[in-house]
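The structure appears below as structure tokens.
The values are calculated or read from the model by the stated rules, or taken from the named source; none is laboratory data. Source: prediction; values computed, not measured. Counting neighbours? That spans all protein chains shown, and the Cβs are built from the backbone with ideal geometry, glycine included. Note: accessible area is taken over every heavy atom of the protein model, side chains too, but ligands, DNA and RNA are not part of it. Shrake-Rupley method; radii C 1.70, N 1.55, O 1.52, S 1.80 Å.
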Amino acid sequence: MPNGADRLRRIAELARSVSSTLDLEVEQTRPRWETEAQSHGISYQVRIDGGPLPPISGVAEELHEAFLNLLVNALEAMPNGGRLLFYLERQGDRVTVAAQDDGHGMSEQTRERIFAPFFTTKRPERTGLGLSVAWGIVIRHGGTIDVESALGRGSTFTVRLPVSKEAPSEQQPAVASAPKRGARVLVIEDEPDVSDVLKEILAAEGYVVIEARDGAEGLARCEAEPVDLVLSDLTMPGMSGWDVAAACRDRFPTVPVGLMTGWGDQVDPEELAQHRVRFVLTKPFVADNVLRAVASAL
Ligand SMILES: Nc1ncnc2c1ncn2[C@@H]1O[C@H](COP(=O)(O)OP(=O)(O)OP(=O)(O)O)[C@@H](O)[C@H]1O
Ligand SMILES: [Mg+2]
């Protein structure tokens, strides 16, 4: 279970400027958009302009993931090269990051659906989760994310986040996304096979897995013993994953909840935010995704 010091460290790490997160993003992806692209005769310009920005409060790892999804999408929208500009600005008690690309843009019809989980216009094997994940992260940080786009005229994604009210603490060490060994994860899943797979993935990283076959049993376990995270199936006989999430939100508000969905299940981002669902995992599971989602929610 994350103790107080752990939480403080996380808050401190995030209380850095957004620009350092973006710098990291641009540097980490440079081999892809510079070296690799050049080898195909394609040239990209990726630039950060504006700022400086005051620090914001948030989980650095999550913000990193949100911005990375915007960056990757922008590159993918410019298959023949182009320019991506991150423009940083302070507007009152908010910081604004606008990611402007000059890629293929999107139609109004597409624009209306891009934040929905599983929506993709790319190859069928893509998950279509990038923007719904980014959206969830930004909303949880008290921010907003908007998009302006037109077919053939590029897109601009604008993220607004509240400025931190706490003083930043640069001395605090950064937090890695290491598994929190010994953390107790309650898996609520009616299919024993699915539950077994999760148990194997999580136990191998040192998590203690508690299994329940339905929502009622799961909530009873939460009452009876300490639980650090709940991972619930969405579609189950009896209580649904939404019912479980709502009950946890009301009765165990500090326990993060993740949902598991089958392929093709439509999950409304607003419903996720209302139920304070921290992440969604799609079956069949990719072990890395499960571990990353669980570690960053703890
Ligand atoms: N910068 C952009 N320019 C044009 N279209 C975009 C841009 N960003 C996102 N989109 C559209 O939004 C859709 C959803 O994006 P999202 O990141 O959620 O999924 P994806 O990129 O298709 O797949 P994944 O991110 O899971 O690999 C994309 O398929 C694309 O149609
Ligand atoms: Mg994407």
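Rolled with a 1.4 Å probe across the full set of protein chains, the surface gives residue 145 an accessible area near 10 Å².
For the stretch 184-297, the gyration tensor built on C-alpha atoms gives a rounded shape. Its axis ratio a/c (a ≥ b ≥ c) stays under 1.5.
How high is the FRET efficiency from residue 251 to residue 271, r the C-beta distance, R0 22 Å, rounded to 0.05?
Working from the Cβ atoms, E equals 0.70.
Mind running the shape call on the chain? Use the C-alpha gyration tensor, a ≥ b ≥ c as the square roots of the eigenvalues: rounded below 1.5 for a/c, prolate if a/b tops b/c, oblate otherwise. Cα axes put the chain in the prolate bin. Using the 1.4 Å probe convention, the accessible area of the stretch 184-297 works out to 44 Å² per residue with neighbouring protein chains retained. Phi angles of the stretch 180-189 translate, via the Karplus equation with coefficients 6.51, -1.76, 1.60 and θ = phi - 60°, into HN-Hα couplings of 8, 3, x, 5, 9, 10, 8, 9, 9, 7 Hz per residue; Gly and Pro are given as x.
Of the solvent-accessible surface of the chain, computed with a 1.4 Å probe and all protein chains present, 51% belongs to carbon and sulfur.
The accessible-area ordering, largest first, of the residues 144, 261, 35 stands as 35, 144, 261, per a 1.4 angstrom probe. Quick check: the angle from helix 60-76's long axis to the longest principal axis of the chain, C-alpha only, nearest 10 degrees? Between helix and principal axis, roughly 50 degrees. Between the Cα long axis of helix 130-140 and the first principal axis of the chain there is an angle of about 70°, rounded to the nearest 10.
Across 242, 33, the residue with the most accessible area heads the list, and the full order at a 1.4 Å probe is 242, 33.
Applying 0.36 nm per residue to the separation of residue 29 and residue 158 and subtracting their alpha-carbon distance, the gain on full extension is 44.4 nm. Relative to the longest principal axis of the chain, what angle (0 to 90°, nearest 10) does the C-alpha long axis of helix 4-14 take? Taking Cα atoms only, the helix is inclined about 20 degrees. For the stretch 277-294, the residues whose amide N sits under 18 Å from a probe point set 7 Å from the Cα of residue 72 along the beta carbon direction are 279-294. Among beta bridges identified by DSSP and lying wholly in the chain, the antiparallel ones come to about 50 percent. Taking 15 Å as the straight-line reach from the Cα of residue 122, the aspartates and glutamates in range (excluding those fewer than 8 positions away in the same chain) are 76.
Converting phi to 3J(HN,Hα) with the Karplus coefficients 6.51, -1.76 and 1.60 and the offset θ = phi - 60°, the stretch 29-35 yields 9, 3, x, 6, 8, 9, 4 Hz in sequence order, with x at every glycine or proline. Within the full protein context, the accessible area of residue 146 is estimated at about 70 Å² for a probe radius of 1.4 Å. The solvent-accessible area of residue 186, taken with every protein chain present and a 1.4 Å probe, is close to 0 Å².
Exposed loop sites, defined as GluC sites (Glu not before Pro) outside DSSP H, G, I, E and B with at most 15 other Cβ atoms within 10 Å, are absent from the longest region of the chain, namely 171-298.
Per-residue 3J(HN,Hα) values for the stretch 148-158, derived from phi via the Karplus relation 6.51 cos²θ - 1.76 cosθ + 1.60 with θ = phi - 60°, read 10, 7, 8, 4, x, 10, x, 9, 10, 9, 10 Hz in sequence order (x marks Gly and Pro).
Its relative contact order, with pairs defined as Cα atoms under 8 Å and 6+ residues apart, puts the chain at 16 percent.
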